[in-house]
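The values are calculated or read from the model by the stated rules, or taken from the named source; none is laboratory data. This one's a predicted model, so the numbers in the text were calculated from it and none came from an experiment. Reconstructed Cβ throughout: ideal geometry from the backbone, glycine too, with neighbour counts over all protein chains shown.
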Amino acid sequence: FPTHPRFAQYNLTYLPEDQESEVDSVVGAFMLVRREALEAAGLLDESFFMYGEDLDWAYRIKQAGWTIWYYPRVVVYHHKGAASKGNVKARRAFYEAMAVFVRKHYKAQTHPLFYAAIMGGIALKGGVDVGMTWLRRQWMEARG
């Protein structure tokens, strides 16, 4: 249901592309951040490698009382996934970053069983995705 607000929260596909909108985060490939917001939230967290640092930063910026806006009049071309396509290590890094984010921001305030379910879900989805990436790569190499 890509156009339903309840089910499209991650990619926000229910929002009109040409409408300014307050959002939870934007892609880290291009952001404009006020100095005051940067000072309030701090710099990018280096415990994230390649993925998740933009999500973490946006989360901390919002916690500091600032808002995040999608502004459609600026166009930036970012080939999402170009660096990780077919790369098992990069796919693994993505899911590890999601685990770092959940551990950092939700572990202390989440019931242990729910936290275990979230982390298990990340591990399961990551395991399937990494495994499929590896299999695809093996298949492509075998085909020449």
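Summary table
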read-out	value
Inter-residue pairs, beta-carbon under 7 Å, first closer than 17 Å to Lys80 by Cβ and in the range 41-55, second among the aromatic types (Phe, Trp, Tyr), 6+ apart	Tyr51/Phe94; Gly52/Phe101; Leu55/Phe101
Test for Asp45: is it acidic (Asp, Glu), out of contact with any Ser or Thr (no Cβ under 9 Å at 6 or more places or on another chain), at pLDDT 90 or above and assigned by TED's automatic domain parsing to the domain that holds Asp18	yes
Answer from Lys125, Lys89, Lys107, Lys85 - the residue that is out of contact with any Leu (no Cβ under 9 Å at 6 or more places or on another chain), basic (Lys, Arg) and closer than 20 Å to Val27 by Cα	Lys85
Those residues of the range 66-121 which are without any contact (Cβ under 8 Å) to a residue 40 or more places away in the chain and aromatic (Phe, Trp, Tyr), in sequence order	Trp66, Tyr77, Tyr95, Tyr106, Phe114, Tyr115
Tally, over the range 8-23, of residues that are closer than 21 Å to Gly52 by Cα and free of Cβ contacts under 8 Å to residues at least 40 places away in the same chain	5
All positions within the range 105-135 that are polar (S, T, N, Q) and loosely packed, with under 15 Cβ neighbours inside 10 Å	Gln109
Single residue of the range 1-48 satisfying the filter (more than 20 Å from the chain's Cα centre (by Cα) and among the acidic types (Asp, Glu)) that is nearest to Tyr70 (Cα to Cα)	Glu20
Test set (1) touching a Leu at 6+ places or on another chain (Cβ under 8 Å); (2) under 30 Å from Leu135 (Cβ atoms) - Ser21 fails condition number	(2)
Which numbered condition Arg92 misses (of (1) surrounded by 11 or more Cβ atoms within 10 Å (Cβ to Cβ); (2) basic (Lys, Arg); (3) assigned to a loop (DSSP other than H, G, I, E, B))	(3)
Members of the range 34-79 found to be aromatic (Phe, Trp, Tyr) and outside any loop (DSSP other than H, G, I, E, B), listed by number	Trp57, Tyr59, Trp69, Tyr70
Criterion violated by Leu32 - all others in (1) aliphatic (A, V, I, L, M); (2) surrounded by 10 or more Cβ atoms within 10 Å (Cβ to Cβ); (3) more than 30 Å from Val130 (Cα to Cα) satisfied	(2)
